[in-house]
Amino acid sequence: RHKSEMYNLAADPRELNNLVDDPRYVATLLAMKKELRRVLKETGAGPDTMPLDLGIKTELPEESIR
């Protein structure tokens with residue numbers, strides 16, 4: 001999975017300082033995760049099923065799907 005990101009847009013509008021690992025924001029991050037779970041449940045949205053980005057492929061796809 002990709003690493004989560006969290007920024008203070010008022011203080012860091014260019015999003016240069018990722019606060020996700022900053023211990024001062026643990027409570028904020030937990031509250032945001034809880035709210036996300038609530039909204040997903042309320043709207044019936046399932047978990048993200050997007051495939052993980054495995055990077056640049058070195059081989060062509062099979063002939064039938066080109």
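The values are calculated or read from the model by the stated rules, or taken from the named source; none is laboratory data. A quick note: this is a predicted structure, and the numbers were derived from the prediction, not measured. Note that we place each Cβ from the backbone using ideal geometry, even for glycine, and neighbour counts take in every protein chain shown. Side chains are part of the model used for accessible areas, which takes the heavy atoms of the whole protein and leaves out ligands, DNA and RNA. Shrake-Rupley method; radii C 1.70, N 1.55, O 1.52, S 1.80 Å.
Numbers for the structure displayed
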read-out	value
Region 40-51: number of residues that are open to solvent by less than 100 Å² (accessible area, probe 1.4 Å) and not small (G, A, S)	2
Residue match in region 25-40 (condition: part of a loop (DSSP other than H, G, I, E, B) and out of contact with any Cys (no Cβ under 8 Å at 6 or more places or on another chain))	no
Breaking point among (1) exposed (fewer than 10 other Cβ atoms within 10 Å of the Cβ); (2) at pLDDT 95 or above; (3) part of a loop (DSSP other than H, G, I, E, B), for H2	(2)
Pair list, Cβ under 9 Å, 6 or more apart: region 49-66 residue aliphatic (A, V, I, L, M), other residue open to solvent by 100 Å² or more (accessible area, probe 1.4 Å)	L52/R1; L52/H2; L60/R66
